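Structure in structure tokens, see below.
The values are calculated or read from the model by the stated rules, or taken from the named source; none is laboratory data. Computed from a predicted model, the values in this text were never measured in an experiment. Here Cβ is always computed from backbone atoms with ideal geometry, including for glycine, and neighbour counts include all displayed protein chains.
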């Protein structure tokens with residue numbers, strides 16, 4: 001890795017005892033990532049002894065238990081300026097959830113540092129994508145890299161959209177028909193304002209953080225660069241695995257996400273003997 005690029009790894013967990021498949025994921029991280037500062041993100045007060053016994057080099061980073069109390073709260077953590085500020089000494093952050101698997105650590109070879117956000121690409125239909133579905137813009141965050149400084153810059157600048165949020169609340173939030181008509185009339189050009197999705201910052205509603213970084217933030221901050229689908233395929237697979245492999249020139253990516261849900265495909269590349 002270039003000397004002027006710094007990378008940290010975060011492994012978020014919420015329970016003291018990992019499952020068998022999570023242990024496989026953690027062992028893969030230990031095999032590939034020990035040369036980087038790797039942080040275990042866990043609820044303050046939780047026992048971490050099993051994780052540190054498997055990965056002694058882990059650095060412990062307890063956070064407010066609320067942040068890891070639910071999927072919704074975890075998504076809010078990953079959209080919090082306070083969270084990114086914990087890692088402001090690093091330029092890039094790899095999120096490695098324990099349903100991910102990393103095959104190698106040649107990050108630069110995948111072009112991962114050319115973007116502000118990169119992960120497994122979406123296909124049309126997302127998790128219900130059918131074989132042959134087209135690639136879509138956007139990336140999954142379970143195994144992803146993001147530019148910490150860019151994320152801090154974006155989240156520090158969100159307050160300038162408060163007036164737009166108030167206008168949305170006053171005139172659009174109560175009329176789904178009006179929002180739909182306006183979106184159609186403007187060819188979705190102002191969808192982020194018409195739908196109020198940028199309210200993730202101002203309102204207490206749930207929106208998956210990878211959709212925020214993939215779809216909402218680039219509309220508000222065009223300079224925020226999300227990986228295109230073909231670049232993302234070099235980095236990670238998640239859905240339509242046979243299609244992903246073919247589109248990537250029959251080469252494995254740097255890593256993958258949700259491998260345990262697709263054992264029929266991944267068992268030829270991941271040693272799953274600990275599951276049997």
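Name every residue in region 72-85 that is within 13 Å of the chain's Cα centre (by Cα) and assigned to a helix (DSSP H, G or I), in order of residue number. Step through it out loud before you land on a result.
Restricting attention to region 72-85, the residues satisfying the condition of being within 13 Å of the chain's Cα centre (by Cα) are 74-79.
Residues satisfying the conditions are 74, 75, 76, 77.
Another question, then. What tally of residues in region 184-195 results from selecting those that are in a helix (DSSP H, G or I) and in contact with a helix residue (DSSP H, G or I) (Cβ under 9 Å, 6 or more places away or on another chain)?
Here is the first cut: in region 184-195, the residues in a helix (DSSP H, G or I) are 184-185, 191-194.
Add one more test, that the residue is in contact with a helix residue (DSSP H, G or I) (Cβ under 9 Å, 6 or more places away or on another chain), and what stays is 191-194.
Total meeting the criteria: 4.
Would you check if residue 239 is out of contact with any helix residue (DSSP H, G or I) (no Cβ under 6 Å at 6 or more places or on another chain), surrounded by 16 or more Cβ atoms within 10 Å (Cβ to Cβ) and assigned to a loop (DSSP other than H, G, I, E, B)? Don't jump to the end; show me each part of the working.
On the way: out of contact with any helix residue (DSSP H, G or I) (no Cβ under 6 Å at 6 or more places or on another chain): yes; surrounded by 16 or more Cβ atoms within 10 Å (Cβ to Cβ): yes; assigned to a loop (DSSP other than H, G, I, E, B): yes.
Taking the combined requirement at face value, the residue satisfies it.
Results for (1) surrounded by 15 or more Cβ atoms within 10 Å (Cβ to Cβ); (2) touching a residue at least 60 places away in the same chain (Cβ under 8 Å); (3) touching a strand residue (DSSP E or B) at 6+ places or on another chain (Cβ under 8 Å); (4) closer than 21 Å to residue 255 by Cβ, shown as yes or no for each residue.
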| residue | (1), (2), (3), (4) |
| --- | --- |
| 25 | yes, yes, yes, yes |
| 40 | yes, no, yes, yes |
| 44 | no, no, yes, no |
| 52 | no, no, yes, no |
| 82 | no, no, no, no |
| 88 | no, yes, no, no |
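Do we have any residue at all in region 223-231 that's more than 30 Å from residue 161 (Cα to Cα) and surrounded by fewer than 20 Cβ atoms within 10 Å (Cβ to Cβ)?
Here is the first cut: in region 223-231, the residues more than 30 Å from residue 161 (Cα to Cα) are 230-231.
Next, from what is left, pick out any that are surrounded by fewer than 20 Cβ atoms within 10 Å (Cβ to Cβ): 230-231.
Within region 223-231, one or more residues are more than 30 Å from residue 161 (Cα to Cα) and surrounded by fewer than 20 Cβ atoms within 10 Å (Cβ to Cβ).
Quickly run through region 76-121 and pick out the residues that are touching a helix residue (DSSP H, G or I) at 6+ places or on another chain (Cβ under 6 Å) and under 18 Å from residue 158 (Cβ atoms).
77, 78, 79, 81, 83, 84, 116, 117
Kindly indicate which of 247, 275 is more than 18 Å from residue 142 (Cβ to Cβ), in contact with a helix residue (DSSP H, G or I) (Cβ under 7 Å, 6 or more places away or on another chain) and modelled with pLDDT of 90 or more. Full working, then the answer.
Values: 275 fails: modelled with pLDDT of 90 or more.
Testing whether each residue is more than 18 Å from residue 142 (Cβ to Cβ), in contact with a helix residue (DSSP H, G or I) (Cβ under 7 Å, 6 or more places away or on another chain) and modelled with pLDDT of 90 or more leaves just 247.
Do we have any residue at all in region 167-183 that's more than 26 Å from residue 78 (Cα to Cα), in a helix (DSSP H, G or I) and under 28 Å from the mean Cα position of the chain (by Cα)?
Checked region 167-183: at least one residue is more than 26 Å from residue 78 (Cα to Cα), in a helix (DSSP H, G or I) and under 28 Å from the mean Cα position of the chain (by Cα).
Which of the residues that make up region 130-172 are surrounded by 20 or more Cβ atoms within 10 Å (Cβ to Cβ) and on the phi > 0 side of the Ramachandran plot?
Answer for region 130-172, where residues must be surrounded by 20 or more Cβ atoms within 10 Å (Cβ to Cβ) and on the phi > 0 side of the Ramachandran plot: just 138.
Can you tell me which residue is farthest from residue 109 (Cα to Cα) among those in region 253-267 that are under 18 Å from the mean Cα position of the chain (by Cα) and assigned to a loop (DSSP other than H, G, I, E, B)? Lay out the reasoning, then the answer.
Step one: of region 253-267, the residues under 18 Å from the mean Cα position of the chain (by Cα) are 253-261.
Checking the rest, the ones that are also assigned to a loop (DSSP other than H, G, I, E, B) come to 253-254, 258.
Numbers: 253: 10, 254: 9, 258: 23 Å.
So, considering only residues that are under 18 Å from the mean Cα position of the chain (by Cα) and assigned to a loop (DSSP other than H, G, I, E, B), the one farthest from residue 109 (Cα to Cα) is 258.
Among the residues of region 112-129, what is the count of those that are assigned to a loop (DSSP other than H, G, I, E, B) and surrounded by 21 or more Cβ atoms within 10 Å (Cβ to Cβ)? Let's see the steps before the verdict.
Quick first cut of region 112-129, residues assigned to a loop (DSSP other than H, G, I, E, B) only: 115-116, 119-120, 124-125, 129.
The next check asks that each one be surrounded by 21 or more Cβ atoms within 10 Å (Cβ to Cβ); those that pass are 115-116, 119-120.
The qualifying residues number 4.
Return the only residue of 224, 198, 205 being under 24 Å from residue 80 (Cα atoms), assigned to a loop (DSSP other than H, G, I, E, B) and in contact (Cβ under 8 Å) with a residue 40 or more places away in the chain. Quick ask: steps written out before the conclusion?
On the way: 198 fails: assigned to a loop (DSSP other than H, G, I, E, B); 205 fails: in contact (Cβ under 8 Å) with a residue 40 or more places away in the chain.
Answer to the selection: 224.
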